[in-house]
Number of protein chains: 2
Amino acid sequence: MPILKNISTLYTCREDGGQDSVHPIENGAVIWQDDIIEWVGTESSIPAEYEHEPIIDAANQIVVPGLVDCHTHLAFGGWRPDEFEMRVRGQSYLEIAKAGGGILSTVRATREATEDELFEKSAKLLQRIGKLGVTTIECKSGYGLTLEDELKTLKVYRRLSETMPLHLVSTFLGAHTIPPEFKNRREEYIKVILEEMIPAVAEQNLARFCDIFVEESAFTVDEALTILEKSKEYGLKPKLHADQLTSGGGAELAAEVEAVSADHLEQVSDQGIRDMAQKNVVGVTLPIASLYTQQPYLDCRRLVEGGVEVAVATDFNPGSAPSYDLPLAMMLSCNHGRLTPAQALKGATIYAAKAIGLENKVGSVEPGKSADFLLLDLPSINFWLYHFTPDVEKRVYLKGEVTDSSQ
Amino acid sequence: MPILKNISTLYTCREDGGQDSVHPIENGAVIWQDDIIEWVGTESSIPAEYEHEPIIDAANQIVVPGLVDCHTHLAFGGWRPDEFEMRVRGQSYLEIAKAGGGILSTVRATREATEDELFEKSAKLLQRIGKLGVTTIECKSGYGLTLEDELKTLKVYRRLSETMPLHLVSTFLGAHTIPPEFKNRREEYIKVILEEMIPAVAEQNLARFCDIFVEESAFTVDEALTILEKSKEYGLKPKLHADQLTSGGGAELAAEVEAVSADHLEQVSDQGIRDMAQKNVVGVTLPIASLYTQQPYLDCRRLVEGGVEVAVATDFNPGSAPSYDLPLAMMLSCNHGRLTPAQALKGATIYAAKAIGLENKVGSVEPGKSADFLLLDLPSINFWLYHFTPDVEKRVYLKGEVTDSSQ
C-alpha cells in the first residue's frame, strides 16, 4: 500500500466549493491500494496503521488529479493539414467544404478505414495523450454517419478501453452532420439515427452518451430534441454541441433535456446560462477550436458568475481542433477565457469528470477514487499555466501504477 | 564529412523570394564538415567526391533550419506567476505595478541576484530552450537599470555564449523603463544611459545591439532618437520595442534610425509599415505577449503585404510573455497573426537571423552556414503547426553535432 509523501501542495480538486476551490493540502500525502485511493491528508496526520507501508518520495513537488479530457473526436481517417493553411489565408470553413475539404473529407477517409486501421491510429494517439497526463478521455463517433461506420468507430473505442490503461467513455454522435448521400433528405437520415443507429448502439452497449451538433449548418433544436429524447429512452444520456457559431437555443435545450453537458457555448445567451445553472448542466469550453477557427473564445467567467460549472477540454479532431494538448486548452481558457489557473484545473479534472458522468470514479484525489494523479516538478498550478513550457517534468500515476515519467 | 540523406522535404529557408518562399528540396541531402555546411541539394545530385563519406539516414523525415529566437529577456531574477492570475481576473498591468508587482519587482529581484545566480538560472533555461530546437538566441538586459546591474546581466550573457553550445547575441536595453530611484528625474536616468552605460557596454564589447522601449509609459520617440543615435556612435546597432500598446511613431523611428528590427508593432500605422519596408527594417511579431496580456495580436499579414519581412519570436520574460516556447509563438502567428506555416517558419529562421544581424551565419540550410538544423518526425511544416503537439520527435543538430534527440 504505497504512501506518496513529501508533496509540497496536493490539489485534491474535490467537487464541492465551486470553480475556485481546488482544495489544496500543504505537505500532503496519498495512500492507495491497488488502483484505488485509500487515504488522503496532511503528512503529519497519516494514521499509525500505515507506518510500515512503503514510502514514495514526491521530492517536494505538487500533485494534481489525472487530467480528464471530456470532449474528443479521437478516431478518424486521414488528416487535414493543408486546410489549416487555407484557413489562415482567409478561406472560410464553408469555402473549404465546398472545395471538397472539411468534415466530409474526414467522413470519406473514416469510412474507407478498416476498424483495425482506426484502432492502430487511435491507440498511438492515445499513448501520446497519456504522456501529457490525461488519464480519462471521452471519445465521440460522428465521422462514420452510416450504421456500419458509426458502429465501427464505437467498436474501436471499446477495444481501446479494453486494451489501453486510460479510462475511456464513448459517445455516439451520429448527428454530427448530414452525410452527403442524404443531402436534401435530412428527414430520412434522422430516421436512420432514430430507428437504426440509436437502437443498435444501445443494444451493443457501445456508448454511454448521445451527442448532437446543434447549429444552423447542422441540426435544429427541434431535431435535436427528437433525437435526444429517443436516445434517453435507450439509456444514452444527452450531450450537446451548442451555440458555437450562433446563439441558437442550444444551451436552453441542454437544460430542457437535462443533458450532462453542453459544449462550445461561445455564443451562449444569458437565458441559456440561467437554464444550465438551474439544471446543473456542465458547460464545456473548447478554446483550441476557437484558436484554430479564428472565432471568438468563450468568456468562461460569464458562465462561472452565472453559476455554471465549467469544464475544459480539447475538442481534438482533424479539422477545427487538431491538437490534443489539454494543458494548452487550460492555458487558453485562462488567457482567452478569463479562468484562473485553479478554475481551469477544476475544469480539467472533477468538472470534466462530471461532464462525462464519472465524478464518482475519477477527477479528484479522494478516498475511493481511482488512483490517478500527476506529480509535477513545479511550485504551483499558477506557475504551471503561467510559465507554460512543453517540457514539464512529470510522473503519471494511472490506476495506482506509473504509466509515464519524464523524471 | 557526414551526409544526411533520405530527407523527405528539406526546407532550406534561403533568404530570397519573400515570406512565402522556404525553398523546399524534395529528397534532399545535407553535407557538412565540422560545424559548417558544405553542400545542400537533392540526393540524386550529390557530387561523386562525397561517395565515401559516412551517411546518416534521416528516415524520410523533414529537415528545417535550427530555430532562431530573436527577442528574449532571458536573464532575470524571480518569477511572477501570481500576476498571471491577477491579470486574468481583470487587474490591469498598471494596477499590478501599483500593487508592487510588474516589471519593477523583476528589477528588484534582478538587482538582488548575483552574477552567478543569474548565470545558473539562465543556463538551465537555455538548456531547455535548446531542446525545443532553438539554436540561436538573442538576449536583452534591461532588468538591472544601474550601470553595475546592466553590465552584470550582459556579462551573464557573455559567459553563456562562451559555455553553452547555442549561438547567442546580446542586446543592451538600459532604456527598458525608468527605474524607481529616478522617478520624476527621467532626464537624469537618460543621462546615465548616454554617458555611462552605452560607453561601458561598448568598451567591454558586451552587446551588439541597443534596444529601447518606445511607449507612452516608457520612453518617447525623441528620447529614443537621442539614445539610439548615441548608441550608433558607439557601434551598437539600433533595435526598438515599438507600437505595442499605442501607435506612437515607433515604426517610423525604426526606419529613420535604420534599425535592424522593430518589435511588437501590434498598433503599427500604415505609414510605419511603408517606412519599415523602404528601409528594410525587419518586423518582429511577439504573439505570446498578446496572449498573456490579453491585448490584440499583430496582424502579420498586413506587414507582409506591405513589403515588410516578418520574424517570429517569443519575447520570453517573467511578466508579459513567460513561455519560451518558440513553436507556440509560430503557431499563434498563424492562427492569430494570419501567417501561413511556411511564412512563420521563414519568420523563425532566416528573417529572425536577419533581425539580429546573423543572416550570413545562421537561419538557413545553405553552404557556408553553421550546421544547425532539426530533423522532425513529421510529414510537412503545415502538419507541424496544425497538429501542434508538445511531443514532436526531433533531433537537433547544432554546429554539426547532435545536441538533443527524442528519437
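What is the Cα centroid distance between the stretch B:134-178 and the stretch A:319-345, reported in whole angstrom?
Between the Cα centre of the stretch B:134-178 and that of the stretch A:319-345, the gap is 33 Å.
Tilt of helix B:270-279 relative to the longest C-alpha principal axis of chain B, in degrees (0 to 90, nearest 10)?
Orientation of helix B:270-279: about 60 degrees from the principal axis.
Just to verify a number: what accessible area does A:Met1 come out at with the full protein assembly present, 1.4 Å probe, Å² rounded to tens?
For A:Met1, the solvent-accessible surface is approximately 60 Å².
Rg/Rh for the stretch B:299-407 to two decimals, with Rh computed the Kirkwood way over all alpha-carbon pairs.
0.96
Pop a pseudo-label 7 angstrom from the Cα along the beta-carbon direction at both A:Asp35 and B:Glu393 and give the gap in nm to one decimal.
2.8 nm
Sort shortest first the distances from B:Leu245 to its counterpart in every other copy, using label points 7 Å along the Cα-to-beta-carbon line, and give them in nm.
Label-point separations across copies, in nm and ascending: 3.8.
Please report the net charge: other residues with Cβ closer than 12 Å to the Cβ of A:Arg338, K and R +1, D and E -1.
My count for the surroundings of A:Arg338 gives +1.
Compute the acute angle (0 to 90°) between the alpha-carbon long axis of helix B:326-335 and the principal axis of greatest extent of the alpha-carbon atoms of chain B; round to the nearest 10°.
It works out to around 90 degrees.
Rounded to the nearest 5, what % of DSSP beta bridges with both residues in the stretch A:28-162 are antiparallel? Could you put the intermediate results ahead of the total?
On the way: 6 of 9 bridges.
Rounded to the nearest five, the antiparallel share is 65 percent.
Can you tell me how the protein assembly as shown classifies by the Cα gyration tensor, rounded, prolate or oblate, using a/c under 1.5 as the rounded cut?
Prolate shape, in that a/c is at least 1.5 and a/b is the bigger ratio.
What is the interface area between chains B and A, defined as buried accessible area summed over both chains with a 1.4 Å probe, reported in Å² to the nearest 100?
The summed interface area works out to 3900 Å².
From the phi of every residue in the stretch A:291-299, what ³J(HN,Hα) in whole Hz does the Karplus formula 6.51 cos²θ - 1.76 cosθ + 1.60 yield, where θ is phi - 60° and glycine or proline is x?
Karplus-based 3J(HN,Hα) across the stretch A:291-299 equals 4, 8, 9, 6, 9, x, 7, 5, 7 Hz.
Ignore the peptide's own chain and count Cβ atoms of other chains within 10 Å of each Cβ in A:68-77; give me the average, rounded.
On the way: counts 0, 0, 0, 0, 0, 0, 0, 0, 0, 0.
For this peptide, the per-residue mean of nearby foreign Cβ atoms is 0.
Hey, got the average number of other protein chain Cβ atoms within 10 angstrom for residues in B:89-98?
1
Out of residues 5 or more away from A:Gln33 or on other chains, whose amide H comes under 5 Å of its own, with H placed 1.01 Å from N in the peptide plane?
HN-HN under 5 Å from A:Gln33: A:Glu38.
Rounded, prolate or oblate: pick one for the stretch B:132-273, where a ≥ b ≥ c are the square roots of the eigenvalues of its C-alpha gyration tensor, a/c under 1.5 means rounded, and failing that, prolate if a/b is larger than b/c, else oblate.
Oblate, because a/c is 1.5 or more while a/b does not exceed b/c.
Once the cut-off is 16 Å, how many percent of the Cα-Cα pairs in the stretch B:230-339 end up in the long-distance tail?
54 percent
Among chain B residues, which Cβ is nearest the axis of the B-onto-A rotation, and at how many Å?
Of all Cβ atoms in chain B, the one nearest the axis gives B:Pro390, 2.
Along the stretch B:117-131, what does the Karplus equation 6.51 cos²θ - 1.76 cosθ + 1.60 (θ = phi - 60°) give for ³J(HN,Hα), rounded to whole Hz, x for Gly and Pro?
4, 5, 5, 4, 5, 5, 5, 5, 4, 5, 4, 5, 4, x, 5
Can you send over the carbon and sulfur percentage of the accessible area for the stretch B:253-407, probe radius 1.4 Å, protein chains only?
Taking all protein chains in place, the stretch B:253-407 shows 41 percent carbon and sulfur surface.
To one decimal in nm, how far is A:Thr163 from the same spot in the other copies, if labels go 7 Å from Cα toward Cβ? Please give the shortest first.
For A:Thr163, the inter-copy label distances come out at 5.0 nm.
Give me the accessible area per residue for chain A, probe 1.4 Å, as a whole number in Å².
Per residue, chain A has 35 Å² of solvent-accessible surface.
Excluding the sites themselves, what is the longest stretch of chain B that contains no GluC sites (Glu not before Pro) in a DSSP loop with at most 10 other C-beta atoms within 10 Å? Walk me through the numbers before you get to the answer.
Working: sites that count: B:Glu51, B:Glu216.
Between the exposed loop sites, the longest stretch runs B:217-407.
Distances from A:Leu94 to the same position in the other copies: list them in nm, one decimal, shortest first, using label points 7 Å from Cα along Cα→Cβ.
For A:Leu94, the inter-copy label distances come out at 4.3 nm.
For the Cα atoms of chain B, what angle does the longest principal axis make with the long axis of helix B:221-233, in degrees from 0 to 90, nearest 10?
On a 0 to 90 degree scale, this one is about 60.
Using a 1.4 angstrom probe and counting only protein chains, how large is the accessible area of B:Trp79 in Å², to 10?
For B:Trp79, the solvent-accessible surface is approximately 80 Å².
Out of all DSSP beta bridges with both ends in the protein assembly as shown, state the antiparallel percent to the nearest 5.
Roughly 45 percent of the DSSP beta bridges within the protein assembly as shown come out antiparallel.
So if I take the centroid of the Cα atoms in the stretch A:263-300 and the same for the stretch B:196-228, what is the distance between those two points in Å?
46 Å
Decide, for the stretch A:67-354, between rounded, prolate and oblate: order the square roots of the alpha carbon gyration tensor eigenvalues as a ≥ b ≥ c, take rounded if a/c falls under 1.5, and otherwise choose prolate if a/b is larger than b/c, else oblate.
Rounded, since a/c falls under 1.5.
Share of antiparallel DSSP beta bridges in chain A, in percent to the nearest 5?
Counting DSSP beta bridges with both partners in chain A, the antiparallel share is about 45 percent.
The values are calculated or read from the model by the stated rules, or taken from the named source; none is laboratory data. Quick caveat, the model's predicted, so the values are computed rather than measured. We place every Cβ from the backbone using ideal geometry, glycine too, and count neighbours over all the protein chains shown. For the accessible areas, the whole protein counts, side chains as well, though only heavy atoms, and no ligand, DNA or RNA atoms are used. Shrake-Rupley method; radii C 1.70, N 1.55, O 1.52, S 1.80 Å.
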